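Note sheet for the following structure.
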Amino acid sequence: MSQFATNQFRKGLKIEFDGVPFEIVDFQHVSPGKGRAFTRTKVKNMLNGNVTEKTITSGDKVDGANTEQVEMQYLYKDAAGYNFMNQANYDQVVIQEETLGSGKDFLQENLVIQVMYYNERPIGVELPTFVALKITETDPAFKGDTVGGTKPAVLETGAKVQVPFHLKEGDVIKVDTRDYAYVEK
């Protein structure tokens, strides 16, 4: 397993403390007038998403987390969970809803996503930033609703988003998966 000294820290680096994987969110090297220099590091727990601060003495080394990004294609959902296929070796994997988080709202057949593995166990997913989905439910547009307003809409995957008044059922729209925002028709 690789180790990293504090001078090798960078945002996004995956490290491990006490058997838990963390991702570096931010860090600052501090050289006090007295005593040893240290690095104040903000890290995000990759298992539960909590952000904490760790102080590491300069020169100390921390273990790299045993993580791996794997490109996978979404196949279908069944009683066991969400089924994906590894794009490299065609192995199929079931991922639970808790691991997917809000990502489940944008899964459509054949969508390719990145799955983060820690010690050969899926711990999170990264969806494409934008996906195109069809509106399955929304109120019809009516005269007078022309500029600047939005209305709720349900997409083919079940995700609920706000869309401009002029859109109707059957329209395909582009949505930002990070914040459920309508981008364009």
Sorted largest first, the Cα spans of the chain on the principal axes come out in Å as 72, 43, 23
Per residue, what accessible area does the chain have, given a 1.4 Å probe and all protein chains present, in Å²?
-> 59 Å²
Is region 79-185 rounded, prolate or oblate when judged by the Cα gyration tensor, a ≥ b ≥ c being the square roots of its eigenvalues, rounded requiring a/c under 1.5 and prolate requiring a/b larger than b/c?
-> prolate
On each of the three principal axes of the Cα atoms of region 23-65, give max minus min coordinate, whole Å, ordered largest first.
-> 37, 18, 11
Contour minus end-to-end for Asn119 and Leu47, with contour as 0.36 nm per residue of separation and end-to-end as the Cα-Cα distance?
-> 24.7 nm
Accessible surface, 1.4 Å probe, highest first, among residues Arg121, Arg40 = Arg121, Arg40
How much length is gained on full extension from Gln73 to Asn86, taking 0.36 nm per residue of separation minus their Cα-Cα distance?
-> 4.0 nm
Volume of the Cα convex hull of region 38-96, divided per residue and given in Å³ | 111 Å³
Mean Cβ count within 10 Å, highest first, over the residues of peptides 167-179, 86-98 | 167-179, 86-98
If we count every other residue with Cβ under 13 angstrom of Asp26's Cβ, Lys/Arg +1 and Asp/Glu -1, where does the sum land?
-> +4
Inter-label distance, nm, simple model (7 Å from Cα along the C-beta direction), Thr55/Glu137 | 5.3 nm
So the FRET efficiency between Gln3 and Val154, C-beta based with R0 = 45 Å and rounded to 0.05, is 0.40
The chain, Gaussian network, Cα under 10 Å: of Thr129, Thr67, Thr138, the residue fluctuating most is Thr129
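The values are calculated or read from the model by the stated rules, or taken from the named source; none is laboratory data. Since the structure is predicted, the reported quantities are computational estimates derived from the model, not experimental observations. Neighbour counts are summed over all protein chains in view; Cβ atoms, including those assigned to glycine, are modelled from backbone coordinates with ideal geometry. Heads up: the accessible areas ignore ligands, DNA and RNA and are worked out on the full protein's heavy atoms, side chains in. Shrake-Rupley method; radii C 1.70, N 1.55, O 1.52, S 1.80 Å.
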